[in-house]
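Working notes for the structure below.
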Amino acid sequence: GAGVSQTPSNKVTEKGKYVELRCDPISGHTALYWYRQSLGQGPEFLIYFQGTGAADDSGLPNDRFFAVRPEGSVSTLKIQRTERGDSAVYLCASSLSPSETQYFGPGTRLLVL
Amino acid sequence: AQRVTQPEKLLSVFKGAPVELKCNYSYSGSPELFWYVQYSRQRLQLLLRHISRESIKGFTADLNKGETSFHLKKPFAQEEDSAMYYCALKGAGGYQKVTFGTGTKLQVIP
């Protein structure tokens, strides 16, 4: 079956702009996670959804970052007033339940100029 | 706080040589440890988890709570093992945040 998909694969924007990154999890997976991976680093946790609700958003760096999952499937990560330091690969993962294996998407590479 | 340390950014070995990718962790409770792998131009995928106690693609890893380590080992490296390897940790049971190490690039020289 289809794996986790993310769009766009690449996004270039200017400092101060607003961006939205989309994640389509594996069908039936109730748990969804967002990570950020900066160059030379491992994935860094941002937020976890169980169903429609954000069960843990402790990894969001500041209030410019926000994520939604209104119908418990697709999720959107939203970044306001982007800064050059936001440049990174944003990874999405989903799992059948919180204790099951996380399956990762290909990531969205964000570049803020 | 939970922390995962992978001391080597790059590990180069010859084909057929043994491989050991080091991972040390810091966690106050009962941890679950994982190894993830990312092959060139592919997505991050789970290689193995300590609770499964299985060998995947010839790789094994044993959780040593005394030394707080979870090193990844393979007796004979193959060229197709060349990839980025990430060690990760989460607390046991239900949802727990996953913390990743910075990764080690394994380069197998033919």
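The values are calculated or read from the model by the stated rules, or taken from the named source; none is laboratory data. Because the structure is a prediction, the values reported are computed rather than measured. Glycine also receives a Cβ, built like all others from the backbone with ideal geometry; neighbour counts cover every protein chain displayed. Side chains are part of the model used for accessible areas, which takes the heavy atoms of the whole protein and leaves out ligands, DNA and RNA. Shrake-Rupley method; radii C 1.70, N 1.55, O 1.52, S 1.80 Å.
Quick one: would you say residue B:25 is touching a Lys or Arg at 6+ places or on another chain (Cβ under 8 Å), hydroxyl-bearing (Ser, Thr, Tyr), within 30 Å of residue A:46 (Cβ to Cβ) and outside any helix (DSSP H, G or I)? In short, yes.
Within region B:1-45, the residues that satisfy the criterion of being aliphatic (A, V, I, L, M) and at pLDDT below 95 are B:1, B:33. Within region B:53-71, not a single residue is of a type in the set (D, E, K, R) and touching a strand residue (DSSP E or B) at 6+ places or on another chain (Cβ under 6 Å). When residues in region B:17-55 are screened for being among the acidic types (Asp, Glu) and either open to solvent by less than 50 Å² (accessible area, probe 1.4 Å) or in contact (Cβ under 8 Å) with a residue 12 or more places away in the chain (or both), 2 of them pass. Mind listing whichever residues of region A:33-63 are more than 7 Å from chain B (Cβ to nearest Cβ), open to solvent by 30 Å² or more (accessible area, probe 1.4 Å) and of a type in the set (A, V, I, L, M)? Result: A:39, A:54, A:60.
Entry remark, region B:84-110: residues being touching a helix residue (DSSP H, G or I) at 6+ places or on another chain (Cβ under 7 Å) and open to solvent by less than 40 Å² (accessible area, probe 1.4 Å) number 2 in total.
Selection of region B:56-66 for residues being open to solvent by less than 50 Å² (accessible area, probe 1.4 Å) and closer than 16 Å to residue B:22 by Cβ yields B:59, B:61, B:63.
Listed here are the residues, each with its yes/no results for (1) part of a loop (DSSP other than H, G, I, E, B); (2) farther than 22 Å from residue A:102 by Cα.
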| residue | (1), (2) |
| --- | --- |
| B:13 | no, yes |
| B:17 | yes, yes |
| B:36 | no, no |
| B:95 | yes, no |
| B:105 | no, no |
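Take residue A:88 and tell me if it is open to solvent by 30 Å² or more (accessible area, probe 1.4 Å) and more than 20 Å from residue A:3 (Cβ to Cβ). No, not satisfied. Residue B:89 satisfies every condition listed in (1) facing another protein chain (nearest Cβ under 8 Å); (2) within 26 Å of residue A:3 (Cβ to Cβ); (3) of a type outside the set (S, T, N, Q) except (1). The one condition from (1) within 25 Å of residue A:99 (Cα to Cα); (2) touching a Phe, Trp or Tyr at 6+ places or on another chain (Cβ under 9 Å); (3) among the β-branched types (Val, Ile, Thr); (4) open to solvent by 50 Å² or more (accessible area, probe 1.4 Å) that residue B:4 does not meet is (4). Taken across region B:96-107, residues that are closer than 21 Å to residue A:105 by Cα, touching a strand residue (DSSP E or B) at 6+ places or on another chain (Cβ under 8 Å) and without any contact (Cβ under 8 Å) to a residue 12 or more places away in the chain do not occur at all. The single condition among (1) over 14 Å from the mean Cα position of the chain (by Cα); (2) closer than 19 Å to residue A:101 by Cβ; (3) more than 14 Å from chain B (Cβ to nearest Cβ) that residue A:75 does not satisfy is (1).
Considering only residues in region B:67-83 that are open to solvent by less than 50 Å² (accessible area, probe 1.4 Å) and within 12 Å of the chain's Cα centre (by Cα), the one that is farthest from residue B:24 (Cα to Cα) turns out to be B:83.
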